[in-house]
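The values are calculated or read from the model by the stated rules, or taken from the named source; none is laboratory data. From a predicted model like this one, the values you see are computed outputs, not experimental measurements. Because the Cβ atoms are built from the backbone with ideal geometry, glycine has one as well, and the counts that use them run over all protein chains shown.
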Amino acid sequence: MKNKTSILIPIEVTPESPTGEWPVFASTIAAGFPSPADDYIESYIDLNEYLIQHKEATFFLRVRGDSMRELGILNNDLLVVDRSLPVNDGSIVIATIDGEFTVKQLFNNQKGCVLKAANPEYKDIVVNSEDDLEVWGIVRWAIHKL
């Protein structure tokens with residue numbers, strides 16, 4: 001079984017729209033049978049406001065690896081991470097364990113905490129008192145191309 005952690009690569013994201021806003025159409029899209037589409041724009045959405053709750057505490061990372069695939073975090077996804085949110089049991093976190101970055105789901109137990117992968121091919125990382133664990137933030141969004 002694999003026990004390597006996912007590698008995270010920091011990147012910068014700049015909106016293509018000069019105003020940072022994107023159109024939101026009034027109609028919904030059918031996921032079953034097709035329906036006629038309305039051509040009416042209901043409003044505009046600023047993706048910064050939609051995706052970023054705490055601007056000063058938010059950063060982006062690119063994922064390399066598949067250890068979190070069963071939670072919808074795929075290789076090459078862009079993660080939106082918020083450093084200001086509290087870490088709760090079950091949070092998906094960006095952490096360093098002995099200086100090595102990883103994205104995992106954090107759980108607390110009687111012995112301490114466990115960084116759990118969402119892929120059965122990866123072992124859990126049991127954090128003990130000798131390990132140096134630092135949580136850098138909570139993953140709020142995973143963005144990937146279809």
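Please work out if Ser67 is touching a helix residue (DSSP H, G or I) at 6+ places or on another chain (Cβ under 8 Å), assigned to a loop (DSSP other than H, G, I, E, B) and in contact (Cβ under 8 Å) with a residue 24 or more places away in the chain. Steps first, answer last, please.
Working: touching a helix residue (DSSP H, G or I) at 6+ places or on another chain (Cβ under 8 Å): no; assigned to a loop (DSSP other than H, G, I, E, B): yes; in contact (Cβ under 8 Å) with a residue 24 or more places away in the chain: yes.
Here the answer is no, as Ser67 does not meet what is asked.
Here's the yes/no breakdown for (1) assigned by TED's automatic domain parsing to the domain that holds Asp131; (2) crowded, with 16+ Cβ neighbours inside 10 Å; (3) part of a loop (DSSP other than H, G, I, E, B):
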residue: Val81; (1), (2), (3): yes, yes, no
residue: Asp89; (1), (2), (3): yes, no, yes
residue: Phe107; (1), (2), (3): yes, no, no
residue: Cys113; (1), (2), (3): yes, yes, no
- Task: State all residues of region 61-71 that are surrounded by fewer than 18 Cβ atoms within 10 Å (Cβ to Cβ) and either within 18 Å of Trp136 (Cα to Cα) or within 9 Å of the chain's Cα centre (by Cα) (or both); if no residue qualifies, say none.
- Result: Arg62, Arg64
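Return the residues of region 91-105 that are among the hydroxyl-bearing types (Ser, Thr, Tyr) and part of a loop (DSSP other than H, G, I, E, B); say none if nothing qualifies.
Of all residues in region 91-105, those among the hydroxyl-bearing types (Ser, Thr, Tyr) come to 91, 96, 102.
Ser91 - this is the single residue of region 91-105 that is among the hydroxyl-bearing types (Ser, Thr, Tyr) and part of a loop (DSSP other than H, G, I, E, B).
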